[in-house]
Amino acid sequence: MAKAKMQYLGTGRRKCSVARVRLLPGTGKVMINKKTLDDYFEAELLKQEVMRPFQVANCEGRFDVIAIVQGGGMTGQAGALRHGISRALATADEEEYRTPLKQAGFLRRDSRMKERKKYGLKKARKASQFSKR
């Protein structure tokens, strides 16, 4: 019987984006929606944002990432991936990875969302200009 590979799961959220992340022991390959990291995110800043949990936990190149990301824009998806990878790393090794990730604030969900539009206004807070006459 073949030996099953150990895998770690994590779900990350940011704005309207949701990332389902699977970590497998490997060489550091990142697949997002069946595309490589370089093909999925063009901006270098977003690629760095996704890889930051590995740098903080000091485990670069130890895990392969397979992720499915839905909803939102590119920035929200990168934040959701960071959150999901951090959660999966925290389940992989509680003692070694959880403390630095928690100190960096990667295990906490970023709750900032777009504010809803209110009636009588043009946007959430933008009103038409007041004129006395």
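Values quoted throughout were computed directly from the atomic coordinates according to the rules given, and no laboratory measurement underlies them. Since we're looking at a predicted model, the values are computed, not measured. Note that we place each Cβ from the backbone using ideal geometry, even for glycine, and neighbour counts take in every protein chain shown.
Values as computed for the structure displayed
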read-out: Selection count where residues are buried (at least 20 other Cβ atoms within 10 Å of the Cβ) and in contact with a strand residue (DSSP E or B) (Cβ under 8 Å, 6 or more places away or on another chain), scope segment 79-99; value: 13
read-out: Test: Thr75 is touching a residue at least 24 places away in the same chain (Cβ under 8 Å) and among the polar types (S, T, N, Q); value: yes
read-out: Candidate set from segment 103-133 (those that are under 15 Å from the mean Cα position of the chain (by Cα) and surrounded by 12 or more Cβ atoms within 10 Å (Cβ to Cβ)); member that is nearest to Met51 (Cα to Cα); value: Phe106
read-out: Matching residues in segment 29-74 - criterion: being exposed (fewer than 14 other Cβ atoms within 10 Å of the Cβ), among the small types (Gly, Ala, Ser) and closer than 18 Å to Glu96 by Cβ; value: Gly61
read-out: Residues of segment 26-42 satisfying the condition of being within 18 Å of Gly71 (Cα to Cα) and in contact with a Phe, Trp or Tyr (Cβ under 9 Å, 6 or more places away or on another chain); value: Met31, Ile32, Asn33
read-out: Single residue of segment 1-54 satisfying the filter (of a type in the set (Lys, Arg) and either in contact (Cβ under 8 Å) with a residue 40 or more places away in the chain or in contact with a Cys (Cβ under 6 Å, 6 or more places away or on another chain) (or both)) that is nearest to Asp110 (Cα to Cα); value: Arg14
read-out: Single unsatisfied condition, Gly120 versus (1) at positive phi; (2) among the small types (Gly, Ala, Ser); (3) assigned to a helix (DSSP H, G or I); value: (3)
read-out: Flag if Cys59 is farther than 25 Å from Lys114 by Cβ, hydrophobic (A, V, I, L, M, F, W, C) and touching a residue at least 12 places away in the same chain (Cβ under 8 Å); value: yes
read-out: Exclusive hit being without any contact (Cβ under 8 Å) to a residue 60 or more places away in the chain and in contact with a helix residue (DSSP H, G or I) (Cβ under 9 Å, 6 or more places away or on another chain), set Leu121, Leu101, Leu89; value: Leu101
